[in-house]
1. If you fit an axis through the alpha-carbon atoms of helix 210-221 and take the longest principal axis of the Cα set of the chain, what angle between them do you get, 0 to 90°, nearest 10?
2. How large is the convex hull of the C-alpha atoms of the stretch 150-311 per residue, in Å³?
3. Can you count the Lys pairs in the stretch 150-311 whose Cα atoms are under 19 Å apart, with each pair 8 or more apart or on different chains?
4. Could you tell me whether the stretch 3-48 comes out rounded, prolate or oblate from its Cα gyration tensor? Rule is a ≥ b ≥ c as square roots of the eigenvalues, rounded for a/c under 1.5, then prolate if a/b exceeds b/c, otherwise oblate.
5. If you take all C-alpha pairs in the chain, what percent of them are over 25 Å apart?
6. Probe radius 1.4 Å, ligands and nucleic acids ignored: give me the carbon and sulfur share of the accessible area of the chain as a rounded percent.
7. May I ask you to order 306-315, 209-218 by the average number of other C-beta atoms within 10 Å around their residues, highest value first?
8. Over the chain, give the accessible area per residue in Å² for a 1.4 Å probe, as an integer.
Amino acid sequence: MKAGIVGATGYGGIELFRLLREHPEIEAIHLYSSSQAGEDFTNIYKHLNSQETIVLEELQPDVMKFELDVVFLATPAGVSRNLTPDLLGGSAVIIDLSGDLRLKDPEVYEEWYKKESVSDHILKQAVYGLPEWNKEEIVNAKVIANPGCYPTATLLGLAPLIKDRLVEPHSIVVDAKSGVSGAGKNPNPMTHFAHTQENIQIYKVNQHQHIPEIEQALHGWDEAIEPITFSTHLAPMVRGIMSTIYLKMKEPITESELHERFSSYYESRPFVRVRQEGNFPCTKEVYGSNYCDIGLTLDPRTNRVTIVSVIDNLMKGAASQAVQNMNLVFHFDEQAGLLRLPVYP
Ligand SMILES: NC(=O)c1ccc[n+]([C@@H]2O[C@H](COP(=O)([O-])OP(=O)(O)OC[C@H]3O[C@@H](n4cnc5c(N)ncnc54)[C@H](OP(=O)(O)O)[C@@H]3O)[C@@H](O)[C@H]2O)c1
């Protein structure tokens, strides 16, 4: 199978390259760059084998859509809006890692992303690719909107309770933290080492573009859910997301019932690992892997549930989830090319 990566020079792109290189079903990988076409990729990323020359290609959607089986768009918001229409109509499946195709309402996209939305016609074709919860739709998709990193961690932490409408609709608060690679390759004053090292910073308070994405999925599961409070923090680490979720249940539940519910929901979903009672995951325990680890507890004093969900933002939050989606669309083993243990320490 032939795969293409647009935005290969970015952090999501280089991670996709690493995964696809080892994928048993991928025979050829084409890398595209809007700014460095003609350059040798191994000169940009020196950790690759420098004995080999991998030339970055110019974007040619008319050719790519017939020659490739799958195209990953690892590009900033606003790019796939222009590229997707040109890439459709051939044989290639499109998997978009940006937020351009995730929100079903164009007005909501324009409000939160401050950019013009892709057409309604394209949005209708795009399937939200959270494999643990909508595999049936993904297997028939031609266009996949790969979920954002914060939404992946948060939705996997919430789904087992929201799907069964067990949560007080107004009670959800999410306190989330991310490593610096979540902001992409280009440094800025906020992600500069001198600023991030020994520092923790809240950002985009009540304004993060992942808020409507999380709420859209929650409403799909339980339309009564009210707006959530969702705060994002930049943590002094390279990779990792931790979403700490607080909520109240509609009806009393015991700690063991809570665990039993999560364990049975995720039993058949190999990339979500539910911790035993009293055990909470940290970001290092999923580093470099496609796993989402979840720990949870009930505070009997406040009757509030705390759920801790961790992922690697570049893996389950981006590239490896995109490969998981590819596996499903092409009817490969869902775990093909993804069965690596986290890197520890
Ligand atoms: N970083 C994460 O943890 C993460 C997680 C989930 C989702 N995402 C999403 O994935 C996408 C990529 O993120 P990233 O972190 O990999 O960003 P990045 O490191 O900034 O890389 C983005 C790449 O896109 C390419 N690009 C920029 N403008 C372009 C244009 N006009 N046309 C075509 N290509 C263009 C650039 O490569 P060239 O100049 O070589 O073309 C650049 O290297 C973003 O939408 C991001 O929100 C990121």
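The values are calculated or read from the model by the stated rules, or taken from the named source; none is laboratory data. Please read all numbers here as calculations on a predicted model, not as lab measurements. Cβ: placed from backbone, ideal geometry, glycine included. Neighbour counts: every protein chain shown. Accessible surface is based on the protein model in full, side chains and every heavy atom, while ligands, DNA and RNA are left aside. Shrake-Rupley method; radii C 1.70, N 1.55, O 1.52, S 1.80 Å.
1. Helix 210-221 sits at roughly 60 degrees to that axis.
2. So the per-residue Cα hull volume is 118 Å³.
3. Within the stretch 150-311, the lysine pair count is 5.
4. Because a/c hits 1.5 or more and a/b exceeds b/c, the stretch 3-48 counts as prolate.
5. Cα-Cα pairs in the chain separated by more than 25 Å: 51 percent.
6. Ligands and nucleic acids excluded, carbon and sulfur reach 50 percent.
7. 306-315, 209-218
8. Value returned for the chain: 44 Å² of accessible area per residue.
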